[in-house]
Amino acid sequence: MEIAYYPGCTLQQSSSLYDVQSQRVFKELGIILKEIEDWNCCGATSAGKYDDFIAIAMPSRNIGIAEQDGYSEMVIPCSACYSRTLVAQQRLADDPALKDEINAELTKKVKGGLKVSSILEVLLTTVESGMLADKVVKKYKNLKPVCYYGCMMTRFPYGVPVPDDVENPQGMETILKTLGIKALDWNYKTDCCGASAAINDHDTSINLMAKIMQDAIARGANCFVVTCPMCQLNLDAYQDEICKKHEIQERLPVFFITELVGLAMGLSPKELQVDRHFVDSVSLVQELDKELEAA
Amino acid sequence: MEQTAKAPVLEFKPEIANPLVQEVMERSGQPLVACYQCRRCAAGCPVGEETGYITPDRLIRIINLGDREKALSNALVWQCVSCYTCGTRCPNEIMTGRITETLKKMAKETHVEPLKPKVAFFHDTFVKSGLRWGRLNEGEFVSFYELKNFFKDLSRFKFKAIYEEIVSQIKLALSMMGRKRLHFGVQSSKGRKELNRLFKKSKAKKQA
């Protein structure tokens, strides 16, 4: 099966490991991700604070490309890109005049009807079909993850059909269960890490992340699982600073969901680029592997 | 007993209040007048501890009472992280996160100095960088953003802030480099021409 793939800017740069993992993991599951041609920046959350029209127009162009190139579904691993694209699509569907206005400047015009999927939605189809369970070769029973969804997987700035429970989403938990991993229940799964505030309002963001970190530790977690590259970078790159400021001894690896799926399917940490995290994550994987060998 | 911080008492004048409420409602698409001050938004707001007495419900009240100056310049407008928790919990479906976004744009258009200049710089620079190349180049974008900060701080003689910013960004850059997470190449999309035509269209509409 082939589906359209929108990596977004960050998956080509600071979070390119997520791009590598996504392509590799889906290939293993028989889904080929076809990167759409000449895609552009979605504008992320900044565009909505800058200019309403351009915030809709930027993702619209990508939707047009996917539709005109004959795809019926497009997967977007980055939560911000996913949210912006889904919202733009709904806005165009609700406002034909706006759609005409944007289409007037686009070479590949938006028709409507493309299914915009998050990485969880696509992974969940492989859970349903039994494909994922068939591919699992390692069951990390001692991994105690907390699933961190952040804001953009369930809360949207405009009325779109939300694919999971707004306050207590279960997508990641369901996928992990198929991998033989039991995720812990906790309070901060949909709280905000501060996102861009880590750069432009640093102290606020550090305080928000400290609460997330503290609850994860209180629940006995030994890692985070995320889908959003912004949450990943923030919790990973600033974790040392957060912990020092708030006197937290523990450090928790922040895995992308694709990383755990890949590891469970027997892909090597090297191939999945697990060594590119800020918080040492390879040690935990090696430890779990040793336990599996011993068992 | 010492009084805790309170919002200033405002006298309601419909001729002053109505135009502001109307403008914010239209631009944000949020039904501000439906707010009955239940404060569920305030209970869930993650930046509540940072913004002092201005919680989402009070921001709405300020707008509904027509205090334009206060509405455009307060901690919530500039520290809101757009997590949209307020909107998902509001019984009247008012998303204050959309209102703060609208107020940021209104502040810019009427040349009101942002309470947190860094926040405004960040979003401006981000979109401009995205439009310039068609794709965002993280290194270029952060450099431009830091340059703007630098000159702003310099003009206010905030040397300590400049020093701290430089140290923290160099630390981050070095640790990103160590994990091959810092990229120096430029990525672009030919689609930037189409996007810039659309952006011109939007600007022209605003001026009309």
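Values in this text are rule-based calculations from the coordinates and carry no lab data. If you're wondering where the values come from, they're calculated on a predicted model, not measured in any experiment. Note that we place each Cβ from the backbone using ideal geometry, even for glycine, and neighbour counts take in every protein chain shown.
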- Message: What are the extents of the Cα atoms of region B:112-208 along their three principal axes, in Å, largest first?
- Response: 43, 38, 15
- Note on the structure: Expressed as a whole number, the average count of other chain Cβ atoms within 10 Å around the Cβ atoms of A:10-17 is 5
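State which helices in chain B qualify, where a helix is a whole DSSP H run, it must extend 27 Å or more along its own axis by its Cα atoms, and its mean Kyte-Doolittle hydropathy must be at least -1.0. Don't skip to the answer; put the middle values down first.
Numbers: long enough: B:159-178 (29 Å, 0.70).
Going by DSSP H runs, the hits are B:159-178.
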- Against the globular-protein guess of 2.2 N^0.38 Å, express the Cα radius of gyration of region A:50-177 as a ratio, rounded to two decimals. 1.22
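Rounded, prolate or oblate, given the Cα gyration tensor of region A:1-70, with a/c below 1.5 counting as rounded?
oblate
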- Task: Any lysines with Cα under 22 Å of the B:K158 Cα? List them, leaving off those in the same chain fewer than 8 positions away.
- Result: B:K116, B:K118, B:K148, B:K171
- For region A:246-271 and region A:156-228, what is the separation of their C-alpha centers, rounded to whole Å? 15 Å
- Task: Ignore the peptide's own chain and count Cβ atoms of other chains within 10 Å of each Cβ in A:34-40; give me the average, rounded.
- Result: 4
- Query: So, in Å, what gap is there between the alpha-carbon centers of region B:137-153 and region A:47-109?
  - Reply: 28 Å
- Mean projected area (nm²) from the convex hull of Cα positions in the protein assembly as shown is 24.8 nm²
- Over the C-alpha atoms of chain A, what are the Rg and the largest Cα-to-Cα span, Dmax, in Å? 19.0, 64
- log₁₀ I(q)/I(0) of region B:14-109 at q = 0.15, 0.17, 0.23 Å⁻¹, via Debye over equal Cα point scatterers, no solvent, to two decimals? -0.48, -0.62, -1.21
- Treating each Cα of region A:2-119 as an identical point scatterer and ignoring solvent, apply the Debye formula and state log10 I(q)/I(0) at q = 0.10, 0.16 Å⁻¹. -0.27, -0.69
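Averaged across the residues of B:174-181, what count of C-beta atoms belonging to other chains lies within 10 Å of each residue's C-beta? Mind dumping the intermediate values first?
Details: counts 0, 4, 6, 0, 2, 9, 6, 11.
For this peptide, the per-residue mean of nearby foreign Cβ atoms is 5.
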- Note on the structure: Ranked from fewest to most other Cβ atoms within 10 Å of their own Cβ, A:S15, B:S202, A:S129 fall in the order A:S129, B:S202, A:S15
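For region A:189-275, compute the number of Lys pairs whose alpha carbons are separated by less than 25 Å, excluding pairs fewer than 8 positions apart on the same chain.
Values: A:K189/A:K211; A:K189/A:K244; A:K189/A:K245; A:K211/A:K244; A:K211/A:K245.
Count of close lysine pairs: 5.
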- Query: Mind checking which lysines have their C-alpha under 25 Å from B:K190, skipping anything on the same chain fewer than 8 residues away?
  - Reply: A:K34, A:K49, A:K99, A:K108, A:K109, A:K111, A:K115, B:K128, B:K200, B:K201, B:K203, B:K205
- Equivalent ellipsoid semi-axes - Cα gyration tensor, chain B, angstrom: 34, 23, 17
